[in-house]
Amino acid sequence: MKLASLKDGTRDGRLVVVSRDLTRCAEAGHVAPTLQAALDDWPRMSPRLAEIAEGLETGSQPARRFHEHEALSPLPRAYQWADGSAYLNHVELVRRARGAEMPASFWTEPLIYQGGSDTFLGPREPIRMADEAWGIDMEGEVAVITGDVAMGVSDEEARAAILAVMLVNDVSLRGLIPGELAKGFGFFQSKPASAFSPVAVTPDELGSAWDGGKVHLPLHVDLNGRPFGRANAGVDMTFDFGRLIAHAARTRRLGAGSIIGSGTVSNKGADGGPGKPVAAGGAGYSCIAEIRMIETLASGGPKTPFLRFGDTVRIEMRDGQGRSIFGAIEQKVEKSDR
């Protein structure tokens, strides 16, 4: 089933069940007022939500038109947002961009940081920043929402805790990252609010594209209406979501509604190299930092600018028939006076 949180003037929105084709939705407040409330009691709530979803498909459920621009992120705020870097091609490229070595441990142990989860941007909400010099960048990713996860779980147990899948734009400020990391205490100012797809989908909705820990479909990232990235999320993912969740839960429990991100989806080129732009027949990139690094390696300096005021980013994933699965994250970069 597909779930969304519609704007209603509250922080957390109101829960609706969305049809598979993303055209209609049905109120779910009589089951659970919010998505977090449903996740807190998932074994009892999910069958009732599934009944609404089935009614939507058969036409027996009262419904209204679903508009993606009326949706908040599925979880407008969350108890936990932890983002990994499962695609080591991306990790290697961005570290090279700031002159950092790739430690051997990165190939055996996932890299995860704890992001700010008190507020997320809506999927159609602008990215407002005060200064283009901060190096505004998009990062197209896949994310999962977990149920309760016990401390010390195995990878297999962690996979069983995945309740829903989403897309995410993990906005990064590349100009601020090196200075923050040099202090040895991690990201903070360089990682502003992220935005998630209009709907979260249960893994069964993905069919054969879901193998229990990865989504085997291309992630469509467009910049100003032009294809920028088409990297396959199931390819070159060194650590699947089961491994990422188990790593996050090694020394702590994770509460229902925890969000775990994949990190920027990134594919190597056919020759094993860093990959080519979409216009050159490659899978392209899910962030600007990657193409800038490749340009630097090729010509001694980057050519592609980071996001500027007025630019628009679109992130979407489609099934084998070309139908949108999660709806689209579409955000314009705007200047903020605060």
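Does residue 13 satisfy being under 30 Å from residue 188 (Cα atoms) and either among the small types (Gly, Ala, Ser) or open to solvent by less than 60 Å² (accessible area, probe 1.4 Å) (or both)?
Yes.
Does residue 22 count as in a strand (DSSP E or B) and at pLDDT 95 or above?
Answer is no for this residue.
Go through (1) open to solvent by 10 Å² or more (accessible area, probe 1.4 Å); (2) assigned to a loop (DSSP other than H, G, I, E, B) for residue 265 and report which single condition fails.
If we test residue 265 against (1) open to solvent by 10 Å² or more (accessible area, probe 1.4 Å); (2) assigned to a loop (DSSP other than H, G, I, E, B), just (1) comes out false.
Could you please let me know if residue 95 is of a type outside the set (A, V, I, L, M, F, W, C), open to solvent by 20 Å² or more (accessible area, probe 1.4 Å), modelled with pLDDT of 85 or more and not in a loop (DSSP other than H, G, I, E, B)? It would help to see each step written out before you state the result.
On the way: of a type outside the set (A, V, I, L, M, F, W, C): yes; open to solvent by 20 Å² or more (accessible area, probe 1.4 Å): yes; modelled with pLDDT of 85 or more: no; not in a loop (DSSP other than H, G, I, E, B): yes.
For residue 95, the condition - of a type outside the set (A, V, I, L, M, F, W, C), open to solvent by 20 Å² or more (accessible area, probe 1.4 Å), modelled with pLDDT of 85 or more and not in a loop (DSSP other than H, G, I, E, B) - is not met.
From 90, 30, 67, which residue is free of Cβ contacts under 8 Å to residues at least 12 places away in the same chain and within 24 Å of the chain's Cα centre (by Cα)?
67
How many residues, within the range 281-315, are among the acidic types (Asp, Glu) and crowded, with 21+ Cβ neighbours inside 10 Å?
Total satisfying the criteria: 1.
Quick one: in the range 118-136, which of the residues that are free of Cβ contacts under 8 Å to residues at least 60 places away in the same chain and in a loop (DSSP other than H, G, I, E, B) is least open to solvent (accessible area, probe 1.4 Å)?
131
Suppose we keep only residues that are open to solvent by 70 Å² or more (accessible area, probe 1.4 Å) and not in a loop (DSSP other than H, G, I, E, B) within the range 316-337. Which one would you say is nearest to residue 165 (Cα to Cα)?
Out of the qualifying residues, it is 318.
Just wondering, is there one or more residues in the range 218-235 that are assigned to a helix (DSSP H, G or I), more than 15 Å from the chain's Cα centre (by Cα) and surrounded by fewer than 24 Cβ atoms within 10 Å (Cβ to Cβ)?
no
Does residue 151 count as out of contact with any Gly (no Cβ under 8 Å at 6 or more places or on another chain) and buried (at least 20 other Cβ atoms within 10 Å of the Cβ)?
Numbers: out of contact with any Gly (no Cβ under 8 Å at 6 or more places or on another chain): yes; buried (at least 20 other Cβ atoms within 10 Å of the Cβ): no.
In short, no.
Is there any pair with a first residue in the range 250-264 that is basic (Lys, Arg) and a second that is part of a loop (DSSP other than H, G, I, E, B) whose Cβ atoms are under 8 Å apart and which are 6 or more apart or on different chains, and what are they?
From the range 250-264, the pairs are 250/151; 250/152; 252/151; 253/148; 253/150; 253/151.
Would you confirm whether any residue within the range 236-254 is farther than 25 Å from residue 113 by Cα and surrounded by 19 or more Cβ atoms within 10 Å (Cβ to Cβ)?
No - not one qualifying residue is present in the range 236-254.
Here is a check on your reading of the model: is residue 206 out of contact with any Gly (no Cβ under 6 Å at 6 or more places or on another chain), open to solvent by 10 Å² or more (accessible area, probe 1.4 Å) and not β-branched (Val, Ile, Thr)?
Yes, satisfied.
Quick check: anything in the range 154-162 open to solvent by 10 Å² or more (accessible area, probe 1.4 Å), under 25 Å from residue 231 (Cβ atoms) and assigned to a strand (DSSP E or B)? Spell out how you get there, then give the answer.
At the first step, the residues of the range 154-162 found to be open to solvent by 10 Å² or more (accessible area, probe 1.4 Å) are 154-157, 159-162.
After this cut, where a residue has to be under 25 Å from residue 231 (Cβ atoms) as well, the list is 155, 159, 162.
Pick out the ones that are also assigned to a strand (DSSP E or B) and you get 162.
There is at least one residue in the range 154-162 that is open to solvent by 10 Å² or more (accessible area, probe 1.4 Å), under 25 Å from residue 231 (Cβ atoms) and assigned to a strand (DSSP E or B).
Return the pairs, sorted by first residue and then second, in which the second residue is surrounded by 15 or more Cβ atoms within 10 Å (Cβ to Cβ) and outside any loop (DSSP other than H, G, I, E, B), the first residue lies in the range 103-117 and is among the aromatic types (Phe, Trp, Tyr), the beta carbons are less than 9 Å apart, and the residues are 6+ apart or on different chains.
Between residues of the range 103-117 that are among the aromatic types (Phe, Trp, Tyr) and residues that are surrounded by 15 or more Cβ atoms within 10 Å (Cβ to Cβ) and outside any loop (DSSP other than H, G, I, E, B), the close pairs are 106/88; 106/91; 106/92; 106/95; 107/88; 113/82; 113/83; 113/84.
Pairs please, first residue from the range 202-214 and touching a residue at least 60 places away in the same chain (Cβ under 8 Å), second anywhere and open to solvent by 20 Å² or more (accessible area, probe 1.4 Å) and part of a helix (DSSP H, G or I), Cβ atoms under 9 Å, 6+ apart in sequence or on different chains.
202/46; 202/50
The values are calculated or read from the model by the stated rules, or taken from the named source; none is laboratory data. Predicted model only: the values in this text are computed from it and were never measured. Counting neighbours? That spans all protein chains shown, and the Cβs are built from the backbone with ideal geometry, glycine included. In case anyone asks, the SASA skips ligands and DNA or RNA and just uses the protein heavy atoms, side chains included. Shrake-Rupley method; radii C 1.70, N 1.55, O 1.52, S 1.80 Å.
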